[in-house]
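Student: I have a structure I would like to understand better, so I am pasting it below and will then ask my questions one at a time.
The values are calculated or read from the model by the stated rules, or taken from the named source; none is laboratory data. Here the structure is a predicted model, which is why all the values come from computation and not from measurement. We place every Cβ from the backbone using ideal geometry, glycine too, and count neighbours over all the protein chains shown.
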Amino acid sequence: MLRGIREQIETIFQRDPAARSTLEILVCYPGLHAILLHRVAHALYRWHVPFFPRVISAFSRFVTGIEIHPGAIIGRRFFIDHGMGVV
C-alpha cells in the first residue's frame, strides 16, 4: 500500500507543475484522496464485502467531490487534477 501511495505522489509531481512538496500533495490534493479511498473500496468490492465499499465511496464523494464507483477499474498512475464534480 505504501508503495502505491509513493507511486501516486510521484505521478502527481510528474504531471502537475504546481505540486511543490510531498506534504502539500498529501494534505491538499483531493484527487489523491479520492484515488486512495477508491483503492480501498475497490479491494473490498472485489472481495465481495457487502456495504463498506459503498460507504467508503460515499464518504470519498462527500469529502472530495469526486465520485468513483467501487467497481471501477483504475490504472496505477491515474491522476485527477481538477476533480470537483467528476463522476
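Student: If Met1 meets every condition in (1) surrounded by 13 or more Cβ atoms within 10 Å (Cβ to Cβ); (2) at pLDDT below 95 apart from one, which number is that one?
Tutor: Evaluating Met1 over (1) surrounded by 13 or more Cβ atoms within 10 Å (Cβ to Cβ); (2) at pLDDT below 95 leaves (1) as the failure.
Student: For the structure I just gave you, tell me whether Arg61 is charged (D, E, K, R), within 10 Å of the chain's Cα centre (by Cα) and part of a helix (DSSP H, G or I).
Tutor: Criteria not met by Arg61.
Student: Picking from Ile35, Ile73, which residue would you name as being under 19 Å from Glu7 (Cβ atoms), in a loop (DSSP other than H, G, I, E, B) and either more than 10 Å from the chain's Cα centre (by Cα) or without any contact (Cβ under 8 Å) to a residue 60 or more places away in the chain (or both)?
Tutor: Residue meeting the stated conditions: Ile73.
Student: Moving on. Which of the residues that make up the stretch 43-53 are closer than 19 Å to Arg76 by Cβ and out of contact with any helix residue (DSSP H, G or I) (no Cβ under 7 Å at 6 or more places or on another chain)?
Tutor: Matches in the stretch 43-53: Ala43, Arg46.
Student: Looking for something in a loop (DSSP other than H, G, I, E, B), exposed (fewer than 11 other Cβ atoms within 10 Å of the Cβ), modelled with pLDDT of 95 or more and not aliphatic (A, V, I, L, M) - is there at least one such residue anywhere in the stretch 38-49?
Tutor: Scanning the stretch 38-49, I find at least one residue that is in a loop (DSSP other than H, G, I, E, B), exposed (fewer than 11 other Cβ atoms within 10 Å of the Cβ), modelled with pLDDT of 95 or more and not aliphatic (A, V, I, L, M), so the answer is yes.
Student: Still on this structure, please answer the following. Enumerate the pairs (first residue in the stretch 45-60 and within 23 Å of Pro30 (Cα to Cα) and of a type in the set (S, T, N, Q); second residue anywhere and at pLDDT 95 or above and not in a loop (DSSP other than H, G, I, E, B)) with beta-carbon separation below 8 Å, excluding pairs fewer than 6 apart on the same chain, so at least 6 apart or on different chains.
Tutor: Ser57/Leu37; Ser57/His38; Ser57/Ala41; Ser60/His33; Ser60/Ala34; Ser60/Leu37; Ser60/His38; Ser60/Ala41
Student: Within the stretch 12-31, count every residue that is touching a residue at least 40 places away in the same chain (Cβ under 8 Å) and either buried (at least 20 other Cβ atoms within 10 Å of the Cβ) or hydrophobic (A, V, I, L, M, F, W, C) (or both).
Tutor: Count: 2.
Student: Quickly run through the stretch 12-36 and pick out the residues that are touching a helix residue (DSSP H, G or I) at 6+ places or on another chain (Cβ under 9 Å) and either of a type in the set (Ser, Thr, Tyr) or within 12 Å of Ile80 (Cβ to Cβ) (or both).
Tutor: Selection gives Ile12, Asp16, Thr22, Tyr29, Pro30, Gly31, Leu32, His33, Ala34, Ile35, Leu36.
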